[in-house]
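Note sheet for the following structure.
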Amino acid sequence: MKKSLAAVLRIRESGVGVAGASICLFWAFVAVFADVISPFDPLQQLSPLASPGEAVEGGTMLLGADFLGRDILSRIIHGTRTVFIWAPIATASAYFVGVIFGLVGGYYGGWLDDVISFVANIILAFPVLILLILIISLLGPSGASIVVAVTFASSPAVYRIVRGEVLTIRSRDFIAAAKTRGESVVYILFTEILPNAKSPLIVDACLRMGYTTIFIGILGFLGLGFPPPTPDWGGMINENRSMAISFPHMTVFPCLAISSLVLGLNLLADGIREVAQKV
Amino acid sequence: MLLMMLTMSGIVFLILELDPEGVARKALGQFSTPEQRVAWLAENGYFVTAPAGASLGAKKHEDAGRFVYRATETKAVVYRAPPEGVQAPPQRTALTRMTPEQLEVLRKMEPLRISAIPRYVKWLGKFVSGDFGPSYRFKVPVAEILWPRLKNTAILAGTAMFFMIILSLFLGVMAGMREGSLQDRVFSVFAIITTSVPEFASAVLLVAVFVFWLEWLPGTSTMIGGFEWKQLVMPVTALVLYSAGYVARITRASMADVMRSPFIRTAVLKGIPYGRVIVRHALRNALITPVTVILLQLPWMLSGVIVVESFFAYKGFGSLLWEATKFDDPFLIEACALVAVVVVVATQLIADIIYTFLNPRIRFQ
Amino acid sequence: MNENNQINPPPISDGGGGGGEPTNNTPPISNGKNTPPPSPMGGAGGGQPANTPPLLEIENLNVSYFTRKGEVPAVLDFNLTLNAGESVGLVGESGCGKSTVSFAVMNYMGANGAITGGRVKFMGRDMAEMSAEELRDLRGSKIAMIYQEPFAALNPCMTMGAQLTEVPMFHENISEKEAQERAAQILSDVRLPDPARIMAAYPHQLSGGQQQRVVIAMALLSNPKLLLLDEPTTALDVTVEAAIVNIVSSISQKYGTAMIYVSHNMGLILKTCERVCVMYSGQVVESGEVGEIFQNPRHPYTRGLFGCIPNMTADKNSRPLSPIRGQLPLATERPRGCYFGPRCDFFEKERCGEDLIKIENAGGGHMARCVKWSEIDWAKHKPETAQRERAVIGETLVNVRDMKKYYELPSAGFFGGAKKVKAVQDLSFQARQKQIVAIVGESGCGKSTFAKVLMGLEDGTGGKIVMGDEDLAALPVEKRDEEMIAAVQMVFQNPNDTLNPSHTVGKQIARSIRKLGAASGEEVERKVDRLLDLVKLPRSYKHNKPSQLSGGQKQRIGIARAFAGKARLVVADEPVSALDVSVQAAVIDLLLDIQASHDTTMLFISHDLSLVRYLADNIIVMYLGRIMEQGLTKDVFAPPYHPYTESLLSAVPVADHRVEKEEIILEGELPSPLNPPPGCPFSSRCPRKLGEICDKELPPKRDFGEGHAIYCHINPAELKKSPPVFRMTKQPPQQPPQPSQPQQQPQPAV
């Protein structure tokens, strides 16, 4: 326990990593304490089209209001929760599928690997967004269909990474050593191979979380995300984009929110990579 | 390649066409009656049918246990046998002329579907021959609106690719040449920021700066008054920013890798001028990875195109697909998806060729 | 132009922001930058002044690498003077700074290295003061380098021709056509047949030996005055190595090129150089004429090193190795005083453990960095060595009969069926209880493939490996029972690969103990301790991750793991080939001790003939999947020889000046296992080839009794005539063994 905490704290060795981790922690804090820190109810319609800094009954709308008069800041704060719930679930699900297939395909090789790799390459080559749109249009917009769509679109990339790692690790002597003392395949896959693929996978998980955040944002932006009135960053941009030219505050701030979170995740990934390489 | 194309179209088919009732519902709208959907499906070749009025006598041995009912004016649909103890309606009755009781029985019987694989073959054949079916949203054949839209997107994506390639390769090579130098660090910050801002966000931010604040550029790219380069600036910028950062990061990594390699050390220690070391020895090796990545970016750019086109109301392929999705226009979605398949397969092919050209190790195997 | 950046990079920023040449932290006399001597020559090139300076002078050179942990000194206080045409060897184990010296001569320190003190003068001019342009002029024309890994050193995307011709084209401004002619000429000088084909080829189309010849040709193209060779043959097979070394020495004689030869192999230095510098942990510990150093080493480290190298003429019972204890110190953790102190038998805290030791003249040009060099009485010193009784060989344990292993390669083109690689063909031998059987051969001979089949990691294609009642060739590891698994265990080659980096050492040993059924429950922990004792590692190491262990320690854990159960047969696949000589001896000793005390049979797979000579009872010599010769060790190492064994023995560099040997240099490259010669596999390179029969027919087995068999078409009587490869020349001490070239140069202050 102490050791794993020490491992996490090693991110301090990388300036980039510290910057990334602070951004991510900031948003995580916002998500957890959304109810406490948000100045208004995100669904309450107060002062339509209010510009940033306008005072209304019960406080100041620091970032203004949207066309229905809902406070932008409060909606961004509550939208954090949407992202922090669904992006990890979707990413984890993609990882589950990708890791299983990657371990099996990479370890056994042969026709099984050929088939999985072929399908994975096809999905990877296909424009992600079109794929997401097709799947959502089949399932209808909801959190669950976002998870399914992201899993379908992202797990091949995870598969590729895991498979690549397995291919290099499985030819190493300690795997042969495990085989020659009669270990089972499951033991070899999960105890001998997987822990050694840990660091590239953690790096990728951070990046992928960023992609997933972007996906969710795009789907919201295209009106295929969470049904309104859920506070969702992408959805907010979509709802207000017809007025983006005249009232940029409605769209700019959610954009900044998404971009900063993704930036945080990307920096964190860079930092982890840097720290991992130093060992 | 062919296998790839077949598989991809197969996936599209699986997602969109496996459930014919769903297609019918999309085509006819939420409030269509079951009978209307059956009729639509029969009309569009989803069921085993016979020409109206055809005698079934000759095919009796095949159709044992099945009953044929006239479904529409032109085609008759083959149904499975009714549940036990139910009196089937008489043969060859038009749907419209059935009694309520007869219709009730008919609903309990299942129309005999053509199984998925022959349907897939037929479906693919239709697209290959250029028959994309009608668009329910635009009330014209799909082909008629698809081609001009594709042309517009080709202009947009082509321009974006052009600038993206120049920008990303230039920046990546410059940064990777001297790992850890100031230019490298400045560049890395730039790249990581642009890769963190997705197209829709950069579009919004660009509009806020250049349209709302500076008022330099138009905020939409409808091109209603004819083609205008000025309207292309914003969507192209949004597309370039996002993908250039990614490609440039890969170029940088690849270049830095090559610069660290022993054969560059050999070249330097051979006393060859630095410029030649970079151009002749480093570049070709360093470009192998980015070039393939760039070509694979093309399909990715199709994703960006959807966002950017719909944001700037640019009349292209992306906004077409988006509208088709929003209004559940089944044949239009299918056509768009298959166009994407063709683009993907074509770029893969080109990528393979270029890769072979760049990498002698592959060429001679 | 900011070429300077590239060629002489600044230390990376977190190294403390010092300039290019910080001089403040250098312990010995720092000639600094304050008094730059006036350049003897005005511009580049220029005529020679009347008093010709030495070709190369290195004065008090200090080189450091700058890492996140701070400055790590790699080379300390290095001095060397080299005249035209001389050759000097830098020898030492990994991390001793020998390669760094050679790159410092090129003034090429990489991104994070810097010369922190001293000077390198080439033809009288300080290289640090040269402009980037002048340096570029020198590199590749006056000073050229040959690298350790030829494949990595060549540009994969350019033809050999393009890479060769650019050297003279840039240095001498000659036309491309002229350059091509010269390149072709040099290629035939390095004995590459068909230069035109080579010039049109890309690196991956050539074998390792051919690549290295191209690199040598590239270095010689502009007729350099100084040639730097950085472990030029380490990545090559021994017969190829012999050919390359031969080329290098003949060429340096032909062109009068001076050489700095960097190697970890004492034998190679003896063969190629006139003088030698022995390096340890960044310092030269001893230097002088090669003959003098080999005959009369003064420094305990040099002595120890000789004690660690198996001798071609003796085995483990008659002349056991005397390992140096301990590990090489990390560059960041050098001890106070003498760096060799903690491993030295003569260490005295007051004299050796305080101040930095200065190098002293021990007579003539012989220098030694030891305060006690004159006191130690080597005749009295008997290092601790394990005394071994000859083991009593028991019953037959494993019987291998006609073992075959073929691999199918996926076909490359659309036509042409799958290709078969015949990795092992008709391998037959017996291994008895307590016996050590060695399989020896160069890369691609099938020795490791056989080990995999034996371990059940791969299926055999034909033949049998009988052990007890079971046929191991048909019994993949998944189908073996616990007892069989425990009985057949393996020690792996690569120390960095043999342990899982994610788990602690203790866990991994415990897992082996449980899986091999040696103990269960609480007993396991005690057994882990006992095994650590057995391999002479502290018990506390069980809490360490493998990354905290040195290479030798990891191999010890690997050995402990193999002997965790009741191993009856242990396969050791090159267990020490990745280790430094001084560590290698200790690990070998340990392995032999445990093997003997456990009554285990060992199958020792190696490419190292001297090692095999040292430890094996029986030897099998393989080439391209087939047995060439097999028999008792003493028989294989004495006439009659198989022509391949003979050339193999001749190719081994021997680190003993008293040994003389027959020179047999093999022409040609090792054929690809994909496409071996149809008759005798060795026919394409055999120096004693009879004629067509060798190409077409498999050679018959010639039996010489006691299991000694040679597979060759040459008739047995003829084979018996060949003289032994090695001869001991008993020479009186204090006399240089060979007439070492231009004697008594003005004694260089090495």
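Condition check: surrounded by fewer than 19 Cβ atoms within 10 Å (Cβ to Cβ), touching a helix residue (DSSP H, G or I) at 6+ places or on another chain (Cβ under 8 Å) and without any contact (Cβ under 8 Å) to a residue 40 or more places away in the chain. Does C:E133 satisfy that?
It is false that C:E133 is surrounded by fewer than 19 Cβ atoms within 10 Å (Cβ to Cβ), touching a helix residue (DSSP H, G or I) at 6+ places or on another chain (Cβ under 8 Å) and without any contact (Cβ under 8 Å) to a residue 40 or more places away in the chain.
Go through the residues of the range C:516-534 one by one and say whether even a single one is in contact with a Ser or Thr (Cβ under 9 Å, 6 or more places away or on another chain), within 14 Å of another protein chain (Cβ to nearest Cβ) and in contact (Cβ under 8 Å) with a residue 60 or more places away in the chain.
No, the range C:516-534 contains no residue that is in contact with a Ser or Thr (Cβ under 9 Å, 6 or more places away or on another chain), within 14 Å of another protein chain (Cβ to nearest Cβ) and in contact (Cβ under 8 Å) with a residue 60 or more places away in the chain.
Please state which of the following conditions C:N618 fails to meet, knowing it meets all the rest: (1) over 22 Å from C:N675 (Cα atoms); (2) modelled with pLDDT under 90; (3) open to solvent by 10 Å² or more (accessible area, probe 1.4 Å).
(2)
Can we say B:F311 is open to solvent by less than 20 Å² (accessible area, probe 1.4 Å), in contact with a Lys or Arg (Cβ under 8 Å, 6 or more places away or on another chain) and within 11 Å of chain A (Cβ to nearest Cβ)?
When the stated conditions are applied, B:F311 does not pass them.
Go through A:L219, A:L224 for me and flag whichever is assigned to a loop (DSSP other than H, G, I, E, B), away from chain C (no Cβ under 14 Å) and either of a type in the set (D, E) or within 25 Å of B:A208 (Cα to Cα) (or both).
Exactly one residue qualifies, and that residue is A:L224.
Can you work out which of the residues in the range A:254-279 that are without any contact (Cβ under 8 Å) to a residue 12 or more places away in the chain and open to solvent by 40 Å² or more (accessible area, probe 1.4 Å) is farthest from the other protein chains (Cβ to nearest Cβ)?
Per the criteria, the residue is A:Q277.
Out of C:I251, C:I216, report the one residue that is of a type in the set (A, V, I, L, M) and surrounded by fewer than 23 Cβ atoms within 10 Å (Cβ to Cβ).
Being of a type in the set (A, V, I, L, M) and surrounded by fewer than 23 Cβ atoms within 10 Å (Cβ to Cβ) holds for just one of C:I251, C:I216, which is C:I251.
Scanning the range C:436-453 for residues that are within 14 Å of chain A (Cβ to nearest Cβ) and of a type in the set (S, T, N, Q), which turns out surrounded by the fewest Cβ atoms within 10 Å (Cβ to Cβ)?
Looking at the filtered set, the residue picked out is C:S448.
Would you please list the contacts, defined by Cβ atoms under 9 Å and residues six or more apart or on different chains, that run from a residue in the range A:222-234 that is free of Cβ contacts under 8 Å to residues at least 60 places away in the same chain to a residue that is of a type in the set (S, T, Y) and part of a loop (DSSP other than H, G, I, E, B)?
none
Do you know which residues across the range B:282-308 are within 10 Å of chain A (Cβ to nearest Cβ), touching a residue at least 60 places away in the same chain (Cβ under 8 Å) and touching a Gly at 6+ places or on another chain (Cβ under 9 Å)?
Within the range B:282-308, B:L302, B:G304, B:V305, B:V307 meet the criteria.
Considering only residues that are in a helix (DSSP H, G or I) and open to solvent by 70 Å² or more (accessible area, probe 1.4 Å), look in the range B:88-101 and name the one that is modelled with the lowest pLDDT.
B:T96
Condition first: modelled with pLDDT of 90 or more, surrounded by 18 or more Cβ atoms within 10 Å (Cβ to Cβ), out of contact with any helix residue (DSSP H, G or I) (no Cβ under 6 Å at 6 or more places or on another chain) and within 12 Å of chain A (Cβ to nearest Cβ). Can you find one or more residues in the range C:490-499 that meet it?
no
From the list C:L330, C:L305, C:L270, C:L321, exactly one residue is open to solvent by 40 Å² or more (accessible area, probe 1.4 Å) and in contact (Cβ under 8 Å) with a residue 60 or more places away in the chain. Which is it?
Of C:L330, C:L305, C:L270, C:L321, the one residue that is open to solvent by 40 Å² or more (accessible area, probe 1.4 Å) and in contact (Cβ under 8 Å) with a residue 60 or more places away in the chain is C:L330.
Can we say C:M145 is within 9 Å of chain B (Cβ to nearest Cβ) and either farther than 29 Å from C:M123 by Cα or in contact (Cβ under 8 Å) with a residue 60 or more places away in the chain (or both)?
yes
With the checklist (1) at pLDDT 85 or above; (2) in contact with a Phe, Trp or Tyr (Cβ under 8 Å, 6 or more places away or on another chain); (3) surrounded by fewer than 19 Cβ atoms within 10 Å (Cβ to Cβ) in hand, flag the one item C:S722 doesn't pass.
Unmet for C:S722, out of (1) at pLDDT 85 or above; (2) in contact with a Phe, Trp or Tyr (Cβ under 8 Å, 6 or more places away or on another chain); (3) surrounded by fewer than 19 Cβ atoms within 10 Å (Cβ to Cβ): (1).
Please determine, by comparing only the residues of the range C:454-468 that are closer than 15 Å to A:R181 by Cα and surrounded by 18 or more Cβ atoms within 10 Å (Cβ to Cβ), which one is nearest to the other protein chains (Cβ to nearest Cβ).
So the residue we want is C:M455.
For the range B:259-277, indicate whether the set of residues that are more than 10 Å from chain C (Cβ to nearest Cβ) and modelled with pLDDT of 85 or more is non-empty.
There is no residue in the range B:259-277 that is more than 10 Å from chain C (Cβ to nearest Cβ) and modelled with pLDDT of 85 or more.
Looking at the range C:53-112, which of its residues are touching a strand residue (DSSP E or B) at 6+ places or on another chain (Cβ under 7 Å) and of a type in the set (V, I, T)?
Listed by number, the residues that qualify are C:I58, C:V63, C:V72, C:V75, C:T81, C:V88, C:V91, C:T100, C:V101, C:V105.
For a quick check of your reading: which helices (runs of 4 or more DSSP H) sit entirely within the range B:102-215 and have at least 3 residues that are open to solvent by 30 Å² or more (accessible area, probe 1.4 Å)?
Result: B:116-128, B:142-177, B:182-196.
In the range C:115-130, how many are farther than 15 Å from C:A84 by Cα and outside any strand (DSSP E or B)?
Residues that pass the stated criteria total 4.
Restricting the range B:233-277 to residues that are within 19 Å of C:R136 (Cβ to Cβ) and outside any helix (DSSP H, G or I), which is most open to solvent (accessible area, probe 1.4 Å)?
Out of the qualifying residues, it is B:P273.
With the requirement that a residue be within 18 Å of C:K316 (Cα to Cα), assigned to a helix (DSSP H, G or I) and open to solvent by less than 10 Å² (accessible area, probe 1.4 Å), what does the range C:538-594 give you?
If the condition is that a residue be within 18 Å of C:K316 (Cα to Cα), assigned to a helix (DSSP H, G or I) and open to solvent by less than 10 Å² (accessible area, probe 1.4 Å), then C:S582, C:A585, C:V587, C:I588, C:L590, C:L591, C:L592, C:I594 are the ones that fit.
Would it be correct to say that A:L131 is touching a Ser or Thr at 6+ places or on another chain (Cβ under 8 Å) and among the aliphatic types (A, V, I, L, M)?
Taking the combined requirement at face value, the residue does not satisfy it.
I need the full set of residues from the range C:83-94 which are under 14 Å from the mean Cα position of the chain (by Cα) and open to solvent by 20 Å² or more (accessible area, probe 1.4 Å), in order please.
Across the range C:83-94, the qualifying residue is only C:S94.
The values are calculated or read from the model by the stated rules, or taken from the named source; none is laboratory data. Note that the coordinates shown come from a computational prediction; the quantities given were computed from them, not determined experimentally. Note that we place each Cβ from the backbone using ideal geometry, even for glycine, and neighbour counts take in every protein chain shown. Accessible surface is based on the protein model in full, side chains and every heavy atom, while ligands, DNA and RNA are left aside. Shrake-Rupley method; radii C 1.70, N 1.55, O 1.52, S 1.80 Å.
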